[in-house]
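Undergrad: Here's a structure for you.
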Amino acid sequence: MNSASQPAFHKGLHRFATALAWCVLILIVAGALVTSNDAGLAVPDWPTSFGSLYKIPPMVGGVKYEHGHRMIAQFVGLLTIILAVWTQRVEKRVWMRKFGWALLGLVILQGVLGGITVLTLLPWYVSTGHGMLAQTFFSLTLLFSVFTSKRWIEAEARGLQASEALNLRALSVLTVAVLYVQLFLGAAFRHGGLHFLPHIIGAAFVTAILLWTSIKALTAYGAVPEIKKPAIGILALLFVQLGLGFAAYLTRVEWGRDAVQPLPSMVWTTVAHVTMGALLLGKAFVLAVQAHRHVKPASAAALDEKVATA
Amino acid sequence: MKLLIIPSLSKHSFVIVATLAGAMWLLAGCEQKKPEAGSHEGHASSAAAPPQQAPAPINPAVTGTVSGVVTFAGAAPKAATIDMSQDPACVMGPNAGKESVSEAVVVKGGKLANVFVYVKEGLPAGNYGVPSEPVVIDQQGCRYVPHVAGAVAGQKVKFLNSDPTMHNVHPDAQANSPWNITQTPKGDPIEKSFTKPELMMKVSCNQHPWMRMYLNVVPHPFFAVSGLDGKFEIKGLPPGEYTVAAVHERLGEKTARIKVAEKQTATAEFGFGATQ
């Protein structure tokens, strides 16, 4: 690729994108606090809060969580607008400009979904959609940060051979897919649509697939930092997440069965479990993207072999 | 690189994902909670509200009474302490310096309070009318008062806010339409009615998550709530044989078959226990 067509690295844009990703994670924490504190309907109207678009209500009780969540969401929305405009102005890669605007569209959709769930009194399927879109948005902002990084821009695809025993491209997509299913099962339980049992059963599947993918990735491509780093991240986060899931089950389902109000142990284990889930999904996205960038498709590898033996 | 990654799924991977997705779809049809034995939150009553009917044949000169006591056997569960510190206004006024405890299971001297007792079966068909006086539910010290109440289907329920803080009144109705309305400190009352019978409708406040009460809507006026002494009394019943039910928010339902004679008082006793 010649320098004229190679995209330029914009340090400011990359740092901004990274900061946005962190803010989205904080927003996910804020959202999880709303649900864990049963505060989803503490502010009954939307898009106003107690009839006003700008006045801050007394931040006590459940209002503190719900309105706090809305304020952080507005800030994230503003950051996303800046990101989209900034990307449009400086990015040579057309797909990245489109990605920036797509992020803006997503965050607007997420805001609307949040409003709909409040106005319709938190039906489980709308709240679940809101939760799933939140983690999707986080994963995409994380990818945006990756795509604007110096390492990504200056590196080229490694053209690694697909291993016979491992189709990392397929496995990494499967990893993302099973995490989405598990996210749905967890969010649906959290919002009253499903029993917790499918989520626990799902955890066994997810653990098996994530372990398989990560270990295989490290075995086959352990010397490739773009693959090694997210694979290790997934392994580490998986074990933390399993522990948090068990803690959340104990505090919320077993010990908290007859609790008269959300207890700190219930709140923090569930919030941590949601947040870790978001990080895990984000890492899985990164692994999938890196696998597709650096590992040749199995069909291309087969063709190479054919050509070589011809 | 292209923005859109075309997934290069192998056949096996696809089958796994499709199976999981299919299972997810099927499971999404499952309700989270199958009603546990004795749990009555938000259940529609078996006695459906009849359409406009002729007035029920009640001769006030010969009506009888059902009275009794609701008891609790075994060690009463320790009432959980409520932490109201997230809103300073909640620990002012009547709550100042006092420990707030849960009203979920209130037992005093072996007697169980807050049990909704009502005539479940046996009433003559007819329209029993709707009282013109509203059922009044107040919010005092960040608690709903009373903790359990009954209303006739169609009767007005008036929610007051006597607290110096904002509340939102949120009936989580199942048979009726749910709603969620903010009430400013000492603000205007909220007056609503519920037209369909529904037992143990949870009414909560999302600004103060410990606040809850249970409203029971039935198609007739023959109900009562047991007091701290466990006692209840239902007056004005036509003579006849009835099934009377006692429902508790956690301990479930007990029924008793009684016979009310003209101008007599029949007794019904209900016993709940720690092993419910």
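The values are calculated or read from the model by the stated rules, or taken from the named source; none is laboratory data. The shown structure was predicted, so the numbers you read here are calculated from the model rather than taken from an experiment. We place every Cβ from the backbone using ideal geometry, glycine too, and count neighbours over all the protein chains shown.
Undergrad: Quick test for you: out of A:Leu185, A:Leu218, pick the one residue that is without any contact (Cβ under 8 Å) to a residue 60 or more places away in the chain and at the interface with chain B (Cβ under 10 Å from one of its Cβ atoms).
TA: From the options A:Leu185, A:Leu218, the qualifying one is A:Leu185.
Undergrad: Which helices (runs of 4 or more DSSP H) does the range A:178-294 wholly contain that include 1 or more residues that are outside the structural domain of A:Ala134 (by TED's automatic domain parsing) and within 19 Å of A:Leu142 (Cα to Cα)? Working first, answer last.
TA: Working: elements: A:197-221, A:225-248, A:264-294.
Helices (runs of 4 or more DSSP H) meeting the threshold: A:225-248, A:264-294.
Undergrad: Take the range A:45-61 and flag every residue that is surrounded by 14 or more Cβ atoms within 10 Å (Cβ to Cβ) and either over 19 Å from B:Pro185 (Cα atoms) or in contact with an Asp or Glu (Cβ under 8 Å, 6 or more places away or on another chain) (or both).
TA: A:Trp46, A:Val60, A:Gly61
Undergrad: Across the range B:89-112, what is the total count of residues that are away from every other protein chain (no Cβ under 14 Å) and surrounded by fewer than 17 Cβ atoms within 10 Å (Cβ to Cβ)?
TA: Of the residues in the range B:89-112, 8 are away from every other protein chain (no Cβ under 14 Å) and surrounded by fewer than 17 Cβ atoms within 10 Å (Cβ to Cβ).
Undergrad: A:Leu179 passes all but one of (1) in contact (Cβ under 8 Å) with a residue 40 or more places away in the chain; (2) more than 14 Å from chain B (Cβ to nearest Cβ); (3) within 27 Å of A:His292 (Cβ to Cβ); which number fails?
TA: (2)
Undergrad: For the range B:162-214, which residues satisfy the criterion of being out of contact with any Lys or Arg (no Cβ under 7 Å at 6 or more places or on another chain) and hydroxyl-bearing (Ser, Thr, Tyr)?
TA: Once the filter is applied, which keeps residues that are out of contact with any Lys or Arg (no Cβ under 7 Å at 6 or more places or on another chain) and hydroxyl-bearing (Ser, Thr, Tyr), the range B:162-214 yields B:Thr165, B:Ser177, B:Thr182, B:Thr184, B:Thr195.
Undergrad: Scan the range A:87-108 for residues that are closer than 19 Å to A:Phe138 by Cα and either outside any helix (DSSP H, G or I) or of a type outside the set (S, T, N, Q) (or both) and report the count.
TA: 14
Undergrad: On to the next question. Output the residues belonging to the range A:190-208 that are surrounded by fewer than 21 Cβ atoms within 10 Å (Cβ to Cβ) and not polar (S, T, N, Q). Step through it out loud before you land on a result.
TA: Taking the range A:190-208 first, the residues surrounded by fewer than 21 Cβ atoms within 10 Å (Cβ to Cβ) are A:192, A:195-197, A:200-201, A:203-205, A:207-208.
Listed by number, the residues that qualify are A:Gly192, A:His195, A:Phe196, A:Leu197, A:Ile200, A:Ile201, A:Ala203, A:Ala204, A:Phe205, A:Ala208.
Undergrad: Restrict the check to the range A:144-152 and report whether at least one residue is aliphatic (A, V, I, L, M), assigned by TED's automatic domain parsing to the domain that holds A:Arg97 and either within 21 Å of A:Gln88 (Cα to Cα) or in contact with a Ser or Thr (Cβ under 9 Å, 6 or more places away or on another chain) (or both).
TA: First, the residues of the range A:144-152 that are aliphatic (A, V, I, L, M): A:146.
Narrowing the set further to residues that are assigned by TED's automatic domain parsing to the domain that holds A:Arg97 leaves A:146.
Applying the additional criterion that residues be either within 21 Å of A:Gln88 (Cα to Cα) or in contact with a Ser or Thr (Cβ under 9 Å, 6 or more places away or on another chain) (or both) yields A:146.
The answer is yes; a qualifying residue exists.
Undergrad: Now for a separate question. Any chance the range A:59-74 includes a residue that's in a loop (DSSP other than H, G, I, E, B), out of contact with any Pro (no Cβ under 8 Å at 6 or more places or on another chain) and either more than 23 Å from A:Ala278 (Cβ to Cβ) or modelled with pLDDT of 95 or more (or both)?
TA: yes
Undergrad: I'm checking my understanding of the structure. Among residues of the range A:93-115 that are of a type in the set (Val, Ile, Thr) and more than 14 Å from chain B (Cβ to nearest Cβ), which one is farthest from the chain's Cα centre (by Cα)?
TA: The qualifying residue farthest from the chain's Cα centre (by Cα) is A:Val112.
Undergrad: Looking at (1) assigned to a loop (DSSP other than H, G, I, E, B); (2) more than 25 Å from A:Gln261 (Cβ to Cβ), which one does B:Lys158 not meet, given that it meets all the others?
TA: The one condition B:Lys158 does not meet is (1).
Undergrad: Quick check on B:Thr71: is it surrounded by fewer than 16 Cβ atoms within 10 Å (Cβ to Cβ), more than 12 Å from every other protein chain (Cβ to nearest Cβ), modelled with pLDDT of 95 or more and not in a helix (DSSP H, G or I)?
TA: Answer is no for this residue.
Undergrad: Go over the candidates B:His208, B:His220 one by one and state the one that is buried (at least 19 other Cβ atoms within 10 Å of the Cβ), touching a helix residue (DSSP H, G or I) at 6+ places or on another chain (Cβ under 9 Å) and closer than 21 Å to B:Val136 by Cβ.
TA: Matching residue, one of B:His208, B:His220: B:His208.
Undergrad: Could you list all residues from the range A:189-209 that are more than 7 Å from chain B (Cβ to nearest Cβ) and in contact (Cβ under 8 Å) with a residue 60 or more places away in the chain?
TA: Passing the criteria: A:Arg190, A:His191.
Undergrad: Which condition number does A:Trp86 fail, the rest of (1) in contact (Cβ under 8 Å) with a residue 40 or more places away in the chain; (2) touching a Lys or Arg at 6+ places or on another chain (Cβ under 9 Å) being met?
TA: Answer for A:Trp86: the failing condition is (2).
Undergrad: Please indicate, with yes or no, whether at least one residue in the range A:7-27 is over 24 Å from B:Asn206 (Cβ atoms), more than 13 Å from every other protein chain (Cβ to nearest Cβ), among the basic types (Lys, Arg) and in a loop (DSSP other than H, G, I, E, B).
TA: Looking through the range A:7-27, none of the residues is over 24 Å from B:Asn206 (Cβ atoms), more than 13 Å from every other protein chain (Cβ to nearest Cβ), among the basic types (Lys, Arg) and in a loop (DSSP other than H, G, I, E, B).
Undergrad: Hey, another quick one. Output the residue which, of all residues in the range A:49-92 that are away from chain B (no Cβ under 14 Å) and of a type in the set (Gly, Ala, Ser), is farthest from the chain's Cα centre (by Cα).
TA: A:Ala84
Undergrad: Regarding B:Gln155, is this residue among the polar types (S, T, N, Q), surrounded by fewer than 23 Cβ atoms within 10 Å (Cβ to Cβ) and over 28 Å from B:Val101 (Cβ atoms)?
TA: Spelling it out, B:Gln155 is indeed among the polar types (S, T, N, Q), surrounded by fewer than 23 Cβ atoms within 10 Å (Cβ to Cβ) and over 28 Å from B:Val101 (Cβ atoms).
Undergrad: Which ones in the range A:142-176 are closer than 20 Å to A:Leu218 by Cβ, more than 10 Å from every other protein chain (Cβ to nearest Cβ) and part of a loop (DSSP other than H, G, I, E, B)?
TA: Listed by number, the residues that qualify are A:Ala155, A:Arg158, A:Gly159, A:Gln161, A:Glu164, A:Ala165.
Undergrad: Quick check on the range A:268-285. Is at least one of its residues more than 28 Å from A:Leu171 (Cα to Cα) and of a type in the set (S, T, N, Q)?
TA: So far as the range A:268-285 goes, yes, one or more of its residues are more than 28 Å from A:Leu171 (Cα to Cα) and of a type in the set (S, T, N, Q).
Undergrad: Which of the residues belonging to the range B:251-276 are crowded, with 17+ Cβ neighbours inside 10 Å and under 17 Å from the mean Cα position of the chain (by Cα)?
TA: B:Leu251, B:Glu253, B:Lys254
Undergrad: In the range B:74-85, what residues are more than 10 Å from chain A (Cβ to nearest Cβ) and among the hydrophobic types (A, V, I, L, M, F, W, C)?
TA: B:Ala75, B:Ala76, listed by residue number.
Undergrad: Could you grab me the full set of residues in the range B:127-141 that are surrounded by 15 or more Cβ atoms within 10 Å (Cβ to Cβ), closer than 20 Å to B:Lys196 by Cβ and over 16 Å from the mean Cα position of the chain (by Cα)?
TA: Hits for the range B:127-141 are B:Asn127, B:Tyr128, B:Val130, B:Pro134.
Undergrad: Right, another one. Can B:Trp179 be described as among the aromatic types (Phe, Trp, Tyr) and closer than 26 Å to B:Leu251 by Cα?
TA: Numbers: among the aromatic types (Phe, Trp, Tyr): yes; closer than 26 Å to B:Leu251 by Cα: no.
Criteria not met by B:Trp179.
Undergrad: If A:Asn2 meets every condition in (1) surrounded by fewer than 18 Cβ atoms within 10 Å (Cβ to Cβ); (2) at pLDDT 95 or above; (3) farther than 22 Å from B:Pro178 by Cβ; (4) polar (S, T, N, Q) apart from one, which number is that one?
TA: Every listed condition holds for A:Asn2 apart from (2).
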